[in-house]
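Here's the structure, in structure tokens; my notes come after.
The values are calculated or read from the model by the stated rules, or taken from the named source; none is laboratory data. Because the structure is a prediction, the values reported are computed rather than measured. With ideal geometry, Cβ positions are generated from the backbone for all residues, glycine too; neighbour counts draw on all protein chains shown.
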Amino acid sequence: MNPPADTVAAPVDPLASRGFAPSPSGPAPDDGRPVHVPASLPLPRPLQTLRFSIRQGEFMFRARRELGETFRFRSAIGEIDETMVVTSHPDHVKSLFTANPDDAPSLTGESPLRPIVGPNSVLTAVGPRHMRQRKLLLPPFHGEAIERYAEMITEAADREIDRWPVGEPFALAPRMQAVTLDVIMSGIFGVEGKPAKGTPEDQLRRAIRQVVALSTRPEAQLVELLSIGHEEPKGIVKFLMGRLDRPLYAIIAGRRTAADVGERTDILSLLLAARDEDGQAMTDQELRDELLTLVLAGHETTANQLSWTFERLLRTPHAYDRLRDVVRAGPSEEADAYVLATIHESMRSRPVIPIIGRRVKRPWDLGEYRLPADTAVLISILLVHHREDVYPDPFAFRPERFLGVKPGTYTWLPFGGGTRRCLGAALALAEQRVVLSSIARRTDLVAADPAPEKLRHRNVTMIPAQGARVVVRERRPA
């Protein structure tokens with residue numbers, strides 16, 4: 001997945017020509033066609049599972065190269081092993097995103113995240129439960145709320161940049177996690193800066209950092225696989241969830257009785273005031289599941305995306321130089337546009353969530369193939385984002401391809417799509433814009449190693465194998 005030599009390409013609209021060949025997709029009409037499923041790689045099921053879990057990028061690109069844009073993934077886990085199909089065609093994506101949720105529910109309800117964030121989370125719930133939780137969560141993520149977070153994000157970024165060593169290599173990912181954790185603690189719980197020692201907020205912050213650190217260990221991948229199919233966490237995961245749950249429930253209890261809860265604008269306070277169509281408030285368990293989802297999924301994915309952005313920028317000199325130039329020239333439409341284009345290109349090139357899925361409950365056509373009902377269909381975001389017919393020269397990092405171009409609904413998928421599109425997308429983009437601009441304005445960075453960092457798959461995310469190691473050559477005052 002290494003990009004070719006750096007060249008400055010003219011702006012390209014990846015959707016202007018709709019260069020990809022049509023591939024009809026959707027619920028299968030009753031025309032008598034038999035079931036026809038795609039082929040899989042000629043590898044034993046355990047080996048496919050191992051490669052998919054640990055080296056997913058290589059596995060996916062090899063499968064597409066040898067089998068085409070639709071193929072079968074033969075996993076050694078679960079009861080649906082022989083019918084798990086992977087696709088990367090935009091027409092197939094559209095059919096799944098626009099399908100009736102009853103016909104193609106999300107696979108997140110079966111994911112290894114379910115025993116961690118719980119069944120009530122907007123991430124793992126399906127059907128009416130998902131729609132109820134989604135409506136309750138919408139108000140804290142509207143535009144006015146996001147604007148309030150901008151100053152807080154800037155302050156968190158500047159505090160962290162001031163701590164960076166000059167002239168010494170360090171991994172950017174943990175530093176980005178520190179920034180996004182500050183943002184999450186402030187935005188969700190209303191905690192400005194570092195919480196007082198010994199408070200539930202302090203205990204929660206420490207537990208989050210411990211859980212995230214442990215999840216980077218190699219054995220965490222095995223723990224993830226063993227969690228599939230369980231409603232409750234097991235073993236070490238259960239212990240770690242207890243470390244998170246105790247202070248989290250204490251925070252919820254304290255906020256419920258706070259005198260100023262109706263005046264606060266943090267997400268927890270807004271969720272406490274939210275009511276569904278029947279006038280029902282969220283229970284402590286529902287609040288726990290949603291808050292844990294926002295904390296764990298929200299801060300780490302954004303941190304790793306920022307890390308990927310600099311991993312790519314520092315190996316693409318023309319893009320990095322242009323970013324610093326436009327940001328340091330002061331606020332302008334050009335700067336805003338190039339920062340956003342850089343983020344869009346980073347999320348295209350290195351999507352932190354590389355795959356999402358639906359389970360089709362009816363026979364389903366994917367181009368030439370007809371899948372039986374109850375087939376799990378995985379959409380490889382990584383493969384969609386590297387289609388030559390949508391993104392010319394897809395392995396090159398070129399923010400210019402998004403200048404003046406709105407990302408395609410079915411060809412740019414880092415936030416998913418349809419009724420499952422990430423509720424925190426606006427906040428994640430706002431965080432990235434502010435932090436990316438702050439770092440570009442205040443520091444001159446170089447890669448600790450000129451070789452591109454490999455893809456590393458952890459839990460459901462794709463992260464830089466070395467944490468995006470950088471060296472600060474010069475740091476400017478805030």
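L323 passes every criterion in (1) under 23 Å from the mean Cα position of the chain (by Cα); (2) buried (at least 22 other Cβ atoms within 10 Å of the Cβ); (3) under 26 Å from A171 (Cβ atoms) apart from (1). If you go through the stretch 391-407 and keep only what is in a helix (DSSP H, G or I) and either without any contact (Cβ under 8 Å) to a residue 24 or more places away in the chain or not aromatic (F, W, Y) (or both), you end up with P399, E400, R401. Beta carbons closer than 7 Å, at least 6 apart along the sequence or on distinct chains, never pair a first residue in the stretch 293-322 that is at positive phi and of a type in the set (A, V, I, L, M) with a second that is part of a helix (DSSP H, G or I) and crowded, with 24+ Cβ neighbours inside 10 Å. Scanning the stretch 94-119 for residues that are buried (at least 22 other Cβ atoms within 10 Å of the Cβ) and either assigned to a helix (DSSP H, G or I) or touching an Asp or Glu at 6+ places or on another chain (Cβ under 8 Å) (or both) yields S95, L96, T108, R114, I116, V117, G118.
Are any of the residues in the stretch 33-50 in a helix (DSSP H, G or I), among the basic types (K, R) and modelled with pLDDT of 95 or more? There is no residue in the stretch 33-50 that is in a helix (DSSP H, G or I), among the basic types (K, R) and modelled with pLDDT of 95 or more. In the stretch 381-390, how many are free of Cβ contacts under 8 Å to residues at least 40 places away in the same chain and not β-branched (V, I, T)? Looking only at that region, the number is 2. Scoring A319 on the criteria (1) modelled with pLDDT of 90 or more; (2) within 30 Å of V85 (Cβ to Cβ); (3) of a type in the set (G, A, S) leaves a single failure, condition (2). In the stretch 155-201, of all residues being of a type in the set (V, I, T) and surrounded by fewer than 16 Cβ atoms within 10 Å (Cβ to Cβ), the one that is farthest from A440 (Cα to Cα) corresponds to T199.
Taking residues in the stretch 255-274 that are within 17 Å of E192 (Cα to Cα), and partners anywhere that are of a type in the set (V, I, T) and in a helix (DSSP H, G or I), the pairs with Cβ atoms closer than 6 Å and at least 6 places apart or on different chains are R255/V261; I267/I188; L268/I188; S269/V261. Scanning the stretch 275-292 for residues that are of a type in the set (A, V, I, L, M), without any contact (Cβ under 8 Å) to a residue 60 or more places away in the chain and in a loop (DSSP other than H, G, I, E, B) turns up just one, A281. Taken across the stretch 137-152, residues that are at pLDDT 80 or above, among the hydroxyl-bearing types (S, T, Y) and at negative phi do not occur at all.
For the stretch 106-116, the count of residues that are farther than 18 Å from L294 by Cα, over 19 Å from the mean Cα position of the chain (by Cα) and not basic (K, R) is zero. Among residues of the stretch 324-338 that are closer than 21 Å to E431 by Cβ, those with a Cβ under 8 angstrom from a residue that is of a type in the set (D, E), sequence gap 6+ or separate chain, pair up as R324/D444; V326/E334. Applying the condition of being surrounded by fewer than 20 Cβ atoms within 10 Å (Cβ to Cβ) and of a type in the set (A, V, I, L, M) to the stretch 340-377 and asking which residue is modelled with the highest pLDDT yields L340. Selection of the stretch 151-199 for residues being in contact with a strand residue (DSSP E or B) (Cβ under 7 Å, 6 or more places away or on another chain), part of a helix (DSSP H, G or I) and of a type in the set (V, I, T) yields only I161.
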